[in-house]
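Novice: Take this structure, written in structure tokens, and hold onto it; I'll ask about it next.
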Amino acid sequence: MANQIPSHAQVVIIGGGIVGCSTAYHLTEMGWKDVVLLERKKISSGTSWAAAGLLGQLWSTSPLTKLASYGADLYAGLEAKTGQPTGYKRHGSIRVSRTEQRRSEYMRALGMARAFGIKMEEISLEEAKRFFPVMQTDDLTGAWYQPDDGVTNPEDTTQALAKGARMGGATIIENIKVLDIETTCEIGGIKEIKSVKTDKGDISCEYIVNCAGMWGREVGKMVGVSLPLVAAEHMHMTTEPIDGVYKEMPYLRDMDGYIYIKEEMGGLLMGGFEPYAKTWGLKGIPENFEHTQLNEDWDQMELFIENAIIRCPAFAEVGVTSLTTVPESFTPDTSYLLGEAPGIKNFYVACGMNSVGITSAGGAGMAIATWLVQGYPEVDLWPVDVRRYNKWQNNLKYIENRVNVESVGNLYADHYPFKQPTSSRNVIKTPIHDRLAARGACFGVISGWERANWFAPEGVEPKYEYSWGRQNWFEYSAQEHKNIRENVGIYDLTSMGKFIVEGRDAEKVLQFICANDVAVPVGKVVYTQLLNERGGIEADLTVTKMEEGKFLIVTAGATTTRDFDWIKRHIPTDAHVVLTDVTHAYVMWGVMGPKSRDLLSEITDADLGNSAFPFATAKEIDVGYATAFAIRMSFVGELGWELYIPTMFCQDIFDKLMEAGEKYNVGLCGLHALDSLRLEKGYRHWSSDITPDNTPYEAGLGFCVKLNSPNRDNFIGRDALIAQKEAGVKGMKKKLVIFTINDPEPLIYHDEPIYRNGQLSGENTHGSYAHMLGKSIGMVYLSNLDGITDEWIMDAQYEIEVEDKRYPITIHLKAPWDPAGKSIKI
């Protein structure tokens, strides 16, 4: 390892655990040699050395599964490439279920595995016992085998990556402490990296990658970046040799018992993830922390031991050889943090690994290195994107409460659809929260916002009862859905991100970043996507021209930080433009349905007729005793208005709306109904149906693209779209279509495999229930390397797999409900 530090480096990586070493390794593999990795003590001495080393490949999304699979393949070849043994073995894994609900979860996982190209099969309990002879199976409801899963030695693998990085030209410096990070900052602009300050001198650099693990939050604070993570204790024990245990035995996951078990030196290693964990190091990590073990806590281990004995009775008799207790970093949503941090250029993050650092490090290091080298990630990484968090979520008490009560346990808890966290709640409430609660709202949470997901009728407790079938709110949400289709409903979407873009160059800048033409008359609303240079969709939003030089942008609540950062980065430094986040200054309500005009006319004297207030227009109107900015748009596909009201006026207006609505039988509508309504109309949702990997043409959003306009010469992504269009049929390899399941019973959520003429053809992007049609509905990208046409799409038979059973589906090239879009313009 190097002793002297350079005065300059192209990239400085902070942290010498397995993620940092993987990042350095991949940067050198991609041709970047001027890479310096800084480790506060010794390589792998933080938490990587003590991991169990399990390598599972099936994740909740296709991109993350690809990263995990890539990592497993990488580790398999590291020893041959570097000469450093890794202990890598691919002996497979077994997961077992104790309950019918867990069995349903794994049967759906089986479908996802097929969709993602992962080998997985259900096996008999007898076969499971042959694989894992010391296992008790009498209480189980199922078992599944994944032959390509494996294990590796964490410290040896980290050292192999470090050696490979050095062989590629990287410099690794141990026993060096990062003290601070210096940045440059222009007023109103994005900060930029300047140098890293250490106890051995400064290093100027163009890029920094924060791979500091449980120190990552403090490193982020050096540049004002929110990285919500804290350390929590994680423990595993090993036993003396046990009869029946053999070297090639697959490892075992019994999530209903909170435990994992693998072979270790002829005995068993057992650890787990408890429902109530113990955070650690909240007041600071000791300066001398290096290969450090924490105090043993056998009381905390008791739950694991009890369940280990149930699964493997030999645990009750065999001697324990060690109990290892170490801290590992966890995030509030149990997904790691990856990508370029908001508000600062060239400061990248790869930390907060939630005890899956060994599995994730190979792919995460490759992904972040690719992002640096080519300027964008190779696959959509939104589930782990650091920009999914808001700045306030770095609050230590908020993180601590969530990690203690849920984050650790959620790794092995039942992963029900629509499952809501129970801790660190009620952080951000809309101004009418209490009024919604009084009317039976059951709240969910997104980005800290409490949002009404469904409404319980009088006498029913507004509380989720989770399952993989029809949950307790299904029929209530169906009524909300139908009320908007047939009558009038109100929903609260105050959580939507709201930005004001103003200045003499505002229109010019928006014309460059929007795919649609926003040089429109005052009061016009434009639905548009923001694209990357490849033509992929980075954001999906509306732009309303409020007045000359002033625009309102409305985007999703979950992507507010990400979208604000994207827009800000693409405002030229010399442009006369100010971007302001006004999300919390206004409520946003949807008043939707055939009778929405009648209802609103009760509290406003504005002319809401088609000629005075046509679709896709906006104006200020008096409502009650206040003024609202009303936009005639709809995400549910019905006549209606979005009302943007200053928060201080909204309670009185809401009361007047509800009072006036009594004669129209107005209903409150939750976010579950909003989702089913938009799918029934074929409306896309960013992050599930459309991503940076899809162009508007592929997503069926070509009507939002204005390639040629007298108002501009170019926009981001235009060249890529022109090339795709000019290529004709051969330029279109995939297309997003809608489907419905012919059988009204099965429910779908996401990533169920879809078959065309018996061959795997894609997976459901997102599913819900089309209550007006009486069947489940979803979307799928169908692919054809020779080019895709509507004729090719419709000239086939299609099926979807749900819990290992196939159901015929019907493909729709247009929305199955109101395909002509007449309802929004009545």
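The values are calculated or read from the model by the stated rules, or taken from the named source; none is laboratory data. Source: prediction; values computed, not measured. Positions of Cβ are generated from backbone atoms using ideal geometry, with glycine treated the same way; all protein chains shown enter the neighbour counts. For the accessible areas, the whole protein counts, side chains as well, though only heavy atoms, and no ligand, DNA or RNA atoms are used. Shrake-Rupley method; radii C 1.70, N 1.55, O 1.52, S 1.80 Å.
Novice: Checking the condition touching a Pro at 6+ places or on another chain (Cβ under 7 Å) and either more than 26 Å from Lys41 (Cα to Cα) or among the aliphatic types (A, V, I, L, M) (or both), which residue from Gly281, Gly244, Gly271, Gly257 passes?
Specialist: Gly244
Novice: For residues in segment 4-24 being within 21 Å of Lys81 (Cα to Cα) and not small (Gly, Ala, Ser), which is surrounded by the fewest Cβ atoms within 10 Å (Cβ to Cβ)?
Specialist: Checked segment 4-24; the qualifying residue surrounded by the fewest Cβ atoms within 10 Å (Cβ to Cβ) is Thr23.
Novice: Moving on to the next point. Looking only at segment 500-521, count every residue that is part of a loop (DSSP other than H, G, I, E, B) and of a type in the set (A, V, I, L, M) and tell me the total.
Specialist: 4
Novice: If you don't mind, another one. Does segment 394-431 hold any residues that are open to solvent by 20 Å² or more (accessible area, probe 1.4 Å) and among the small types (Gly, Ala, Ser), and which are they?
Specialist: Result: Ala413, Ser424.
Novice: Additional query: Within segment 535-544, work out how many residues are open to solvent by 10 Å² or more (accessible area, probe 1.4 Å) and either more than 22 Å from Tyr683 (Cβ to Cβ) or under 20 Å from the mean Cα position of the chain (by Cα) (or both).
Specialist: Of the residues in that region, 2 qualify.
Novice: Hey, can you tell me all the residues within segment 339-398 that are of a type in the set (Lys, Arg) and touching a residue at least 40 places away in the same chain (Cβ under 8 Å)?
Specialist: Lys345, Arg387, Arg388, Lys391
Novice: Go through segment 94-106 and count every residue that is more than 21 Å from the chain's Cα centre (by Cα) and open to solvent by 10 Å² or more (accessible area, probe 1.4 Å).
Specialist: 7
Novice: Separate question: Could you list, in sequence order, the residues of segment 604-632 that are aromatic (Phe, Trp, Tyr), surrounded by fewer than 18 Cβ atoms within 10 Å (Cβ to Cβ) and closer than 23 Å to Ser823 by Cα?
Specialist: The answer is Phe615, and nothing else.
Novice: Ok, one more. Can you tell which of Gly213, Gly244 is open to solvent by 10 Å² or more (accessible area, probe 1.4 Å), touching a Cys at 6+ places or on another chain (Cβ under 8 Å) and not hydrophobic (A, V, I, L, M, F, W, C)?
Specialist: Gly213
Novice: Looking at the structure I just gave you, is Phe132 among the aromatic types (Phe, Trp, Tyr) and out of contact with any Asp or Glu (no Cβ under 8 Å at 6 or more places or on another chain)?
Specialist: When the stated conditions are applied, Phe132 passes them.
Novice: Sticking with this one: For residues in segment 522-559 being assigned to a strand (DSSP E or B) and charged (D, E, K, R), which is farthest from Tyr644 (Cα to Cα)?
Specialist: Restricting to residues being assigned to a strand (DSSP E or B) and charged (D, E, K, R), the top hit is Glu538.
Novice: Has segment 738-756 got at least one residue that is open to solvent by less than 30 Å² (accessible area, probe 1.4 Å), under 24 Å from Ala515 (Cα atoms) and modelled with pLDDT of 95 or more?
Specialist: yes
Novice: Here's another thing I want to ask about it. Any idea how many residues of segment 348-371 are surrounded by 21 or more Cβ atoms within 10 Å (Cβ to Cβ) and in a helix (DSSP H, G or I)?
Specialist: Total meeting the criteria: 13.
Novice: For segment 757-792, which residues satisfy the criterion of being in a loop (DSSP other than H, G, I, E, B) and either open to solvent by less than 20 Å² (accessible area, probe 1.4 Å) or more than 22 Å from Lys119 (Cβ to Cβ) (or both)?
Specialist: Asn757, His771, Met772, Leu773, Gly774, Asn784, Leu785, Asp786, Gly787, Ile788, Thr789
Novice: Continuing with this model, one more query. Right, Asn426: in a helix (DSSP H, G or I) and touching a strand residue (DSSP E or B) at 6+ places or on another chain (Cβ under 7 Å) or not?
Specialist: For Asn426, the condition - in a helix (DSSP H, G or I) and touching a strand residue (DSSP E or B) at 6+ places or on another chain (Cβ under 7 Å) - is not met.
Novice: Can you list residue pairs whose Cβ atoms sit under 6 Å apart, with the first residue in segment 598-616 being in contact (Cβ under 8 Å) with a residue 40 or more places away in the chain and the second being among the basic types (Lys, Arg) and open to solvent by 60 Å² or more (accessible area, probe 1.4 Å)? Count only pairs 6 or more apart in sequence or on different chains.
Specialist: Every condition considered, the pairs that remain are Phe615/Lys825.
Novice: Could you tell me which residue of segment 166-208 is nearest to the chain's Cα centre (by Cα), considering only residues that are polar (S, T, N, Q) and either farther than 14 Å from Gly15 by Cβ or at pLDDT below 95 (or both)?
Specialist: Across segment 166-208, the extreme among qualifying residues is Thr183.
Novice: Let me ask something additional. Filter segment 793-826 down to residues that are polar (S, T, N, Q) and in contact (Cβ under 8 Å) with a residue 60 or more places away in the chain and give me whichever is nearest to Ser776 (Cα to Cα).
Specialist: So the residue we want is Thr810.
Novice: Also, I was wondering about something else. Do you know which residues across segment 508-534 are surrounded by fewer than 22 Cβ atoms within 10 Å (Cβ to Cβ) and touching a Gly at 6+ places or on another chain (Cβ under 9 Å)?
Specialist: Val509, Asn532, Glu533, Arg534 - these are the residues of segment 508-534 that are surrounded by fewer than 22 Cβ atoms within 10 Å (Cβ to Cβ) and touching a Gly at 6+ places or on another chain (Cβ under 9 Å).
Novice: Could you pull out the residue among Leu294, Leu323, Leu303 that is over 33 Å from the mean Cα position of the chain (by Cα) and over 29 Å from Ile193 (Cα atoms)?
Specialist: Exactly one of Leu294, Leu323, Leu303 is over 33 Å from the mean Cα position of the chain (by Cα) and over 29 Å from Ile193 (Cα atoms), namely Leu323.
Novice: A further question on this structure: State all residues of segment 274-314 that are in a helix (DSSP H, G or I), aromatic (Phe, Trp, Tyr) and either surrounded by 19 or more Cβ atoms within 10 Å (Cβ to Cβ) or in contact with a helix residue (DSSP H, G or I) (Cβ under 8 Å, 6 or more places away or on another chain) (or both); if no residue qualifies, say none.
Specialist: Hit for segment 274-314 is Phe304, nothing else.
Novice: As an exercise: evaluate Val729 against (1) open to solvent by 40 Å² or more (accessible area, probe 1.4 Å); (2) farther than 29 Å from Leu530 by Cβ and give the number of the one condition it does not meet.
Specialist: Unmet condition: (2).
Novice: I need the full set of residues from segment 793-818 which are in contact with a Leu (Cβ under 9 Å, 6 or more places away or on another chain) and surrounded by fewer than 14 Cβ atoms within 10 Å (Cβ to Cβ), in order please.
Specialist: Met794, Asp804
Novice: Now for a different question. Which is closer than 30 Å to Ser601 by Cβ and polar (S, T, N, Q), of Thr691, Thr740, Thr647, Thr695?
Specialist: Every option except Thr647 fails the conditions.
Novice: Any residue at all in segment 690-697 that's open to solvent by 10 Å² or more (accessible area, probe 1.4 Å) and more than 29 Å from the chain's Cα centre (by Cα)?
Specialist: No, segment 690-697 contains no residue that is open to solvent by 10 Å² or more (accessible area, probe 1.4 Å) and more than 29 Å from the chain's Cα centre (by Cα).
Novice: Can you work out which of the residues in segment 218-273 that are among the β-branched types (Val, Ile, Thr) and assigned to a loop (DSSP other than H, G, I, E, B) is nearest to the chain's Cα centre (by Cα)?
Specialist: Of everything passing the filter in segment 218-273, Val225 is nearest to the chain's Cα centre (by Cα).
Novice: Scan segment 315-343 for residues that are open to solvent by less than 30 Å² (accessible area, probe 1.4 Å) and part of a helix (DSSP H, G or I) and report the count.
Specialist: Of the residues in segment 315-343, 1 are open to solvent by less than 30 Å² (accessible area, probe 1.4 Å) and part of a helix (DSSP H, G or I).
Novice: Same structure again: For segment 451-475, give me each residue that is surrounded by fewer than 22 Cβ atoms within 10 Å (Cβ to Cβ) and outside any loop (DSSP other than H, G, I, E, B).
Specialist: Listed by number, the residues that qualify are Phe474, Glu475.
Novice: Looking only at segment 25-55, how many residues end up being of a type in the set (Gly, Ala, Ser), under 28 Å from the mean Cα position of the chain (by Cα) and open to solvent by 10 Å² or more (accessible area, probe 1.4 Å)?
Specialist: Here the count works out to 4.
Novice: OK, next. Mind counting the residues in segment 107-130 that are assigned to a helix (DSSP H, G or I), of a type outside the set (Lys, Arg) and open to solvent by 50 Å² or more (accessible area, probe 1.4 Å)?
Specialist: 2
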